[in-house]
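Trainee: I have a structure here, written as structure tokens, and I will follow up with some questions on it.
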Amino acid sequence: MKILALYSIKGGVGKTSSAVNLAFYAARNGYRTLVWDLDPQAASTYYFRIKPKIKGGSKELIAGKHELSGLIKGTDFENLDLLPADFSFRNLDLILDDKKKPTRQLRKLLKPLAEEYDFVFLDCPPNISLLSEAVFEAADVLLSPIIPTTLSLRTLEQLKGFIADNNLKNLTLIPFICMLDRRKKMQRDIVENMKNIHPEILATAIPYASDIERMGVERMPLGGFVKKSASTIAYNELWQEILARIKAKT
């Protein structure tokens, strides 16, 4: 089982839509896939038409009173399950802080699922906190969407610095471009500059597109309501590129 966290310090960069769509294509490719929505805003949960509620809330979850397997919900898509968010997740930092070895709690909770899933996608809230540190400890891969702005490039540099400073040697950072408007020369120039400075950025870029925005209306992954578009092609190619990067590391 590989744990992939969709994470960015900055909000509004396509993190949740990427978590949902990448998980969809992983499942479509035959992998047993789980999305865990860790964001109290519950956007991933909303996209899958599932009520954002966890029995006992985050306190009982972290206390180990409920096994994750008993909280998982099926989605409308084969091979794709969801562990929904709960509004109490807004208190996860405080709850983790009361535990011994708080940054190891998420990995501990996920460990029993190792035989059930090939990939677990963590949809994470946008900040640097105790929860994000626990995500970094739990994840094998950190997928970080970068939008084509200079400030977004700065957040990538901050994230790389944090990983280096905290000696997270087992965590593979894989950044990718999201919300790219190719009609704008400035954005194209910024992306080219980003890839020159950070060659680890994936080649596939996710476009800024209306069908991705429609996910909130349709309440499902792109592939659930669009047969073929530039966005569906991009997400499928992005997943293949991520999969190849993961396999190259193993």
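The values are calculated or read from the model by the stated rules, or taken from the named source; none is laboratory data. None of these values were measured; they are calculated from a predicted model. Note that we place each Cβ from the backbone using ideal geometry, even for glycine, and neighbour counts take in every protein chain shown. The area values use the complete protein model at the heavy-atom level, side chains included, leaving out ligands, DNA and RNA. Shrake-Rupley method; radii C 1.70, N 1.55, O 1.52, S 1.80 Å.
Trainee: Given the options Q158, Q187, name the one that is assigned to a helix (DSSP H, G or I), out of contact with any helix residue (DSSP H, G or I) (no Cβ under 7 Å at 6 or more places or on another chain) and either closer than 24 Å to L92 by Cα or β-branched (V, I, T) (or both).
Mentor: One residue alone meets the criteria, Q158.
Trainee: Given the criterion open to solvent by less than 80 Å² (accessible area, probe 1.4 Å) and charged (D, E, K, R), identify the matching residue among K227, K195, K184, K169. Break it down into steps so the answer makes sense when it comes.
Mentor: Numbers: K227 fails: open to solvent by less than 80 Å² (accessible area, probe 1.4 Å); K184 fails: open to solvent by less than 80 Å² (accessible area, probe 1.4 Å); K169 fails: open to solvent by less than 80 Å² (accessible area, probe 1.4 Å).
None of the other options fit; the residue is K195.
Trainee: Same structure again: List every residue pair whose Cβ atoms lie under 9 Å apart, where the two residues are 6 or more positions apart in sequence or sit on different chains, the first residue falls within segment 208-221 and is at positive phi and outside any loop (DSSP other than H, G, I, E, B), and the second residue, located anywhere, is surrounded by 18 or more Cβ atoms within 10 Å (Cβ to Cβ) and of a type in the set (V, I, T).
Mentor: Note: no pairs meet the criteria.
Trainee: Could you identify the single residue in D93, D97, D76 that is farther than 19 Å from A5 by Cα, surrounded by fewer than 19 Cβ atoms within 10 Å (Cβ to Cβ) and modelled with pLDDT under 95? Let's see the steps before the verdict.
Mentor: Values: D93 fails: farther than 19 Å from A5 by Cα; D76 fails: modelled with pLDDT under 95.
Step by step, each of D93, D97, D76 is checked, and only D97 is farther than 19 Å from A5 by Cα, surrounded by fewer than 19 Cβ atoms within 10 Å (Cβ to Cβ) and modelled with pLDDT under 95.
Trainee: Do you know which residues across segment 54-70 are touching a helix residue (DSSP H, G or I) at 6+ places or on another chain (Cβ under 9 Å), in a helix (DSSP H, G or I) and either open to solvent by less than 40 Å² (accessible area, probe 1.4 Å) or not basic (K, R) (or both)?
Mentor: Hits for segment 54-70 are G57, S58, L61, I62, L68, S69.
Trainee: Mind checking whether some residue in segment 112-122 is surrounded by fewer than 23 Cβ atoms within 10 Å (Cβ to Cβ) and either in a strand (DSSP E or B) or among the aromatic types (F, W, Y) (or both)? Don't jump to the end; show me each part of the working.
Mentor: Here is the first cut: in segment 112-122, the ones surrounded by fewer than 23 Cβ atoms within 10 Å (Cβ to Cβ) are 112-118.
Still in the list and also either in a strand (DSSP E or B) or among the aromatic types (F, W, Y) (or both): 117.
Yes: one or more hits.
Trainee: Could you grab me the full set of residues in segment 229-250 that are more than 19 Å from L180 (Cβ to Cβ) and not in a helix (DSSP H, G or I)? Please lay out each step first, then the result.
Mentor: Of the residues in segment 229-250, the ones more than 19 Å from L180 (Cβ to Cβ) are 243-250.
Within segment 229-250, just T250 meets the criteria.
Trainee: With out of contact with any strand residue (DSSP E or B) (no Cβ under 6 Å at 6 or more places or on another chain), more than 30 Å from L113 (Cα to Cα), basic (K, R) and modelled with pLDDT of 95 or more as the only criterion, which of R188, R214 stands out?
Mentor: Numbers: R188 fails: modelled with pLDDT of 95 or more.
Step by step, each of R188, R214 is checked, and only R214 is out of contact with any strand residue (DSSP E or B) (no Cβ under 6 Å at 6 or more places or on another chain), more than 30 Å from L113 (Cα to Cα), basic (K, R) and modelled with pLDDT of 95 or more.
Trainee: Same structure again: Can you pull out every residue in segment 26-55 that is among the charged types (D, E, K, R) and more than 14 Å from the chain's Cα centre (by Cα)? Before you say what the answer is, go through the steps one by one.
Mentor: The initial filter retains those residues of segment 26-55 that are among the charged types (D, E, K, R), namely 28, 32, 37, 39, 49, 51, 53, 55.
Those that are among the charged types (D, E, K, R) and more than 14 Å from the chain's Cα centre (by Cα): R28, R32, R49, K51, K53, K55.
Trainee: Within segment 241-250, count every residue that is open to solvent by 70 Å² or more (accessible area, probe 1.4 Å) and without any contact (Cβ under 8 Å) to a residue 60 or more places away in the chain.
Mentor: So the count comes out to 3.
Trainee: Only residues in segment 101-113 that are farther than 20 Å from L82 by Cβ count as the first member; pair them with residues that are open to solvent by 20 Å² or more (accessible area, probe 1.4 Å) and among the aliphatic types (A, V, I, L, M), Cβ under 7 angstrom, at least 6 apart or cross-chain, and list the lot.
Mentor: Note: pairs meeting the criteria are P102/L130.
Trainee: List the pairs whose first member sits in segment 79-98 and is within 11 Å of A42 (Cα to Cα) and free of Cβ contacts under 8 Å to residues at least 24 places away in the same chain, whose second member is open to solvent by less than 60 Å² (accessible area, probe 1.4 Å) and part of a helix (DSSP H, G or I), and whose Cβ atoms are under 9 Å apart, counting only residues at least 6 apart or on separate chains?
Mentor: If the second residue must be open to solvent by less than 60 Å² (accessible area, probe 1.4 Å) and part of a helix (DSSP H, G or I), no pairs are left.
Trainee: Something else now. Among the residues of segment 29-41, count how many are under 16 Å from G74 (Cα atoms) and in contact with a Phe, Trp or Tyr (Cβ under 8 Å, 6 or more places away or on another chain).
Mentor: Number satisfying all stated conditions: 6.
Trainee: Which condition does P40 not pass, out of (1) closer than 14 Å to P125 by Cβ; (2) surrounded by 24 or more Cβ atoms within 10 Å (Cβ to Cβ), if it passes all the others?
Mentor: Only one criterion in (1) closer than 14 Å to P125 by Cβ; (2) surrounded by 24 or more Cβ atoms within 10 Å (Cβ to Cβ) is unmet by P40, namely (2).
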